[in-house]
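*Asks:* First the structure, which I've put down as structure tokens, then a few questions once you've had a look.
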Amino acid sequence: MSEQSRERIFARLATGSQQASVPIVKPAPIASKTYNQAQKIEKLKTLMEAMRTEVHVTDAQNWIHQLEEILKSRELKSLVYPPRTALGDSLASNWEKGASGLPQLIPYDKEIEDFKEQLFTIDAGITPVAGAIADPGALILWPSENEPRLMSLVPSIHIAVLEADRIFSSFLEAMQHEKWAAKMPTNIVLISGPSKTADIEMTLAFGVHGPRELIVLILES
């Protein structure tokens, strides 16, 4: 390239950089609808059931009895739970130990390397959830040291326990209410139903990459 050609190119670049920048149009605020609690429960239930999730709305004082009835019909052998949580304390205190038809409660109280062989033989896992979004219908999982992601991912049945007042109208409302901008989670998961894929010969299959069943208990105060 000749010196003259190089100078012409640089001159064009300099001229272009001096031109007025294109104004950036500020986008309009995201439109979102606000629901009351009854509407949020109904919308979440309807949308999640459409994705093959089993949803039960129950009394916060008697949810363990409801859970026991659900599990008896499935004849499960084992249920892993988080022991160092409010949910775990309630289960351990109120579970009908030795009752016919109920699975054995197994605490997730070991390091994963010591527990993973047993974990892959457990029928179901139960976890609390951080919240839910009524529209489009999803649970918010916020895994932690006491509630590892494997509890909801490895067993073939995931049971999620949700407090009704933790249901938000929209994703934006959840982020604002929980102040995620100040404490953005490192591993947040949104789930709307059991694991599914259509990669296998274009046929929808459940339970390939996670639990084949999702059971949600919504606790009303």
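*Asks:* Looking only at the range 165-189, which residues are free of Cβ contacts under 8 Å to residues at least 24 places away in the same chain and not hydrophobic (A, V, I, L, M, F, W, C)?
*Replies:* Correct list: Gln176, His177, Lys179, Lys183, Thr186.
*Asks:* Give the range 105-122 a look and list any residue that's hydrophobic (A, V, I, L, M, F, W, C) and open to solvent by less than 80 Å² (accessible area, probe 1.4 Å), or say none.
*Replies:* Within the range 105-122, Leu105, Ile106, Ile112, Phe115, Leu119, Ile122 qualify.
*Asks:* Identify the single condition in (1) more than 18 Å from Leu219 (Cα to Cα); (2) in contact with a helix residue (DSSP H, G or I) (Cβ under 7 Å, 6 or more places away or on another chain) that Glu113 does not satisfy, given that it satisfies every other one.
*Replies:* Checking Glu113 against (1) more than 18 Å from Leu219 (Cα to Cα); (2) in contact with a helix residue (DSSP H, G or I) (Cβ under 7 Å, 6 or more places away or on another chain), the one that fails is (2).
*Asks:* Looking at the range 134-192, which of its residues are touching a strand residue (DSSP E or B) at 6+ places or on another chain (Cβ under 6 Å), over 21 Å from Tyr35 (Cα atoms) and assigned to a loop (DSSP other than H, G, I, E, B)?
*Replies:* Of everything in the range 134-192, those that are touching a strand residue (DSSP E or B) at 6+ places or on another chain (Cβ under 6 Å), over 21 Å from Tyr35 (Cα atoms) and assigned to a loop (DSSP other than H, G, I, E, B) turn out to be Glu147, Pro155.
*Asks:* From the list Ile64, Ile106, pick out the single residue that is within 16 Å of Glu163 (Cα to Cα) and out of contact with any His (no Cβ under 9 Å at 6 or more places or on another chain).
*Replies:* So the residue among Ile64, Ile106 that is within 16 Å of Glu163 (Cα to Cα) and out of contact with any His (no Cβ under 9 Å at 6 or more places or on another chain) is Ile64.
*Asks:* While we're looking at this one, here's another question. Which of the residues belonging to the range 173-213 are among the polar types (S, T, N, Q), modelled with pLDDT of 90 or more and farther than 21 Å from Pro148 by Cα?
*Replies:* Across the range 173-213, the qualifying residue is only Gln176.
*Asks:* Could I ask something else about it? Consider Lys116 carefully, then state whether it is outside any loop (DSSP other than H, G, I, E, B), out of contact with any strand residue (DSSP E or B) (no Cβ under 9 Å at 6 or more places or on another chain), over 21 Å from Gln61 (Cα atoms) and without any contact (Cβ under 8 Å) to a residue 60 or more places away in the chain.
*Replies:* Answer is yes for this residue.
*Asks:* Going residue by residue through the range 68-82, is there one that turns out to be open to solvent by 100 Å² or more (accessible area, probe 1.4 Å) and part of a helix (DSSP H, G or I)?
*Replies:* Checked the range 68-82: no residue is open to solvent by 100 Å² or more (accessible area, probe 1.4 Å) and part of a helix (DSSP H, G or I).
*Asks:* Scanning the range 9-60 for residues that are in a loop (DSSP other than H, G, I, E, B) and in contact with a Leu (Cβ under 9 Å, 6 or more places away or on another chain), which turns out modelled with the lowest pLDDT?
*Replies:* Ile30
*Asks:* Is one or more of the residues making up the range 3-16 closer than 22 Å to Gly131 by Cα and either within 26 Å of the chain's Cα centre (by Cα) or open to solvent by 90 Å² or more (accessible area, probe 1.4 Å) (or both)?
*Replies:* no
*Asks:* Looking at the range 179-198, which of its residues are under 15 Å from the mean Cα position of the chain (by Cα) and either surrounded by 10 or more Cβ atoms within 10 Å (Cβ to Cβ) or among the hydroxyl-bearing types (Ser, Thr, Tyr) (or both)?
*Replies:* Pro185, Thr186, Ile188, Val189, Leu190, Ile191, Ser192, Gly193, Pro194, Ser195, Lys196
The values are calculated or read from the model by the stated rules, or taken from the named source; none is laboratory data. Source: prediction; values computed, not measured. Cβ coordinates were reconstructed from backbone atoms using ideal geometry, including for glycine residues, and neighbour counts include every protein chain displayed. Heavy atoms of the whole protein, side chains included, go into the accessibility calculation; ligands, DNA and RNA do not. Shrake-Rupley method; radii C 1.70, N 1.55, O 1.52, S 1.80 Å.
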